[in-house]
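Since the structure comes first, as C-alpha cells, the remarks are kept for the end.
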Number of protein chains: 2
Amino acid sequence: MSRQHYLKAGEVAFSKMDKVSAELLALTYGSLVTQLLKDKEEIESVNVQLEKMGYNIGIRLVDEFLAKSGIGPCQDFRDTAEVIAKVALKMFLNVTADVTGWNSDLTACTLVLHDNPLNEFVELPASMAGLKYGELICGVIRGGLEQVHMRVSCTFVKDVLKGDDTSEIALEFKEILKEEFVDEDE
Amino acid sequence: MSRQHYLKAGEVAFSKMDKVSAELLALTYGSLVTQLLKDKEEIESVNVQLEKMGYNIGIRLVDEFLAKSGIGPCQDFRDTAEVIAKVALKMFLNVTADVTGWNSDLTACTLVLHDNPLNEFVELPASMAGLKYGELICGVIRGGLEQVHMRVSCTFVKDVLKGDDTSEIALEFKEILKEEFVDEDE
C-alpha cells in the first residue's frame, strides 16, 4: 500500500489510543535511563538493558497494534518498514519516520525519525557519547516484529542528542521464525 | 473558581499538550518499577525512590503547567487541591479526581482518582502488598507544589491494584515556603 495510505492509517490509529502528555513520558523515561546509569558500570550494558526492556514492551504492544491499526499482513519487508515508520511509531509515540538507505537485497534500511519525544529535556554530556538514549524504541520494534514471526536487528546509528543532523535507526531483516506447534498429546 | 470551570480548564490544557499513547507510558513506567524492585532489597525503599523520581519530574513539569493551564494563583488550599484534581492530573495523565475527606482545618484531603493509566497491564502479587505502585504521581504533586512555595505531603493510601474499591491519594498541606533572596553582592 502507499505511504499516503499508511500515513492516514497512522493518524486514525493514534486517534483511537488513550493518551497522556508526551512530557510525562519523556521525564519518566529519563528517570529510567538515569536509574540504569546508576546501576550499571558500563554504558553498553545500559544500551543492552534498554533494548531488552523495549523488547518486553513490544511483545505487549503488538496486540494493541493489531487490534487498532487495521493493518493486515505485510507483502514484504519494504512494506513492513513503511508500516513501522508511518503507523506503529505514530500510534504509540506520535511521530513518523522516513524509510531510506535500502540495501540491494531489500533486507536492510534506515528509519529517519522526524522527531523523538523521548529526547525532550535531555542533554547528554560528552562522557555519555556511548549511550544509545532512545534504544528502548529499537527493542519495542524488535519485540513487536518477533510476535509476528519476524526476527530483525534494530539499533540507533545516529542521534541528534549526540550532535548528528538526524536521529536514525538501522533496521535489518534476519529471518522468518517458524511457528512452533506443540502437540498436547505428547 | 468552580469545579466546572476547572474541569473545562483541564480539557483545554490537555488539548494543548503533545501526546503519546498511555499504554507506552504504562509499560515504560512498569519497566522502571521492575528495575527498582530488582535493585532495592526493601519494598519501602522502592516507594521512597519512586516518590523522589516523581518529585524531580514535578519540578520540571510545573513550568509547563503554569504556561499552558491558564491557572492563576490559588485562593486557598481547597482551591489548590481542586486545581490538582481537575487541571494538573488531566493535563499530564488525562485523568481527573474527586477531592473529598477534608479535615476541619481544611489542611488535609483525599484525591479519589477516577482512573490511573499507570495501572494498565499491572497485577500485583500478594508479596507486593507493601508497594505503592503509582507513588511517582505523589512525588510529581509534591515537587510541583514546592516550586510554587507550598510544602505538602502526598502518598497513596488506597489502590485498586491491591483490591481497594478506589485509588486514593492523601494530600496534606505543611507550610508556605519563604522565597530565599540571595544578595549577589555579599
So which of B:Leu124, B:Leu111 is assigned to a loop (DSSP other than H, G, I, E, B) and either at negative phi or open to solvent by less than 20 Å² (accessible area, probe 1.4 Å) (or both)?
B:Leu124
Sort through A:Lys68, A:Lys8, A:Lys40, A:Lys19 and tell me the only one that's open to solvent by 10 Å² or more (accessible area, probe 1.4 Å), over 17 Å from the mean Cα position of the chain (by Cα), over 22 Å from A:Arg151 (Cα atoms) and within 9 Å of another protein chain (Cβ to nearest Cβ).
A:Lys19
Tell me, please, whether a residue that is closer than 27 Å to B:Leu32 by Cβ, of a type in the set (D, E, K, R), open to solvent by 40 Å² or more (accessible area, probe 1.4 Å) and touching a residue at least 12 places away in the same chain (Cβ under 8 Å) can be found in the stretch A:165-177.
no
Exclusive hit being open to solvent by less than 60 Å² (accessible area, probe 1.4 Å), more than 27 Å from A:Ile59 (Cα to Cα), among the polar types (S, T, N, Q) and facing another protein chain (nearest Cβ under 10 Å), set B:Gln35, B:Gln49:
B:Gln49
Could you list, in sequence order, the residues of the stretch A:89-118 that are more than 15 Å from A:Gly134 (Cβ to Cβ), among the aliphatic types (A, V, I, L, M) and within 13 Å of another protein chain (Cβ to nearest Cβ)?
A:Met91
All helices (runs of 4 or more DSSP H) inside the stretch A:1-87 with 3 or more residues being under 26 Å from A:Ala108 (Cα atoms) and in contact (Cβ under 8 Å) with a residue 12 or more places away in the chain:
A:3-16, A:43-69, A:77-83
Pairs needed: first member in the stretch B:107-126, among the aromatic types (Phe, Trp, Tyr); second member anywhere, in a helix (DSSP H, G or I); C-beta distance under 9 Å; at least 6 residues apart or different chains.
B:Phe121/A:Arg60; B:Phe121/B:Glu23; B:Phe121/B:Ala26; B:Phe121/B:Leu27; B:Phe121/B:Gly30
Count, please, the residues in the stretch A:88-106 that happen to be assigned to a loop (DSSP other than H, G, I, E, B), in contact with a strand residue (DSSP E or B) (Cβ under 6 Å, 6 or more places away or on another chain) and in contact (Cβ under 8 Å) with a residue 24 or more places away in the chain.
2
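The values are calculated or read from the model by the stated rules, or taken from the named source; none is laboratory data. Computed from a predicted structure; not experimentally measured. Quick reminder, even Gly has a Cβ in these numbers, built from the backbone with ideal geometry, and neighbours come from all protein chains shown. These accessible areas exclude ligands, DNA and RNA; they are computed on the full protein's heavy atoms, side chains included. Shrake-Rupley method; radii C 1.70, N 1.55, O 1.52, S 1.80 Å.
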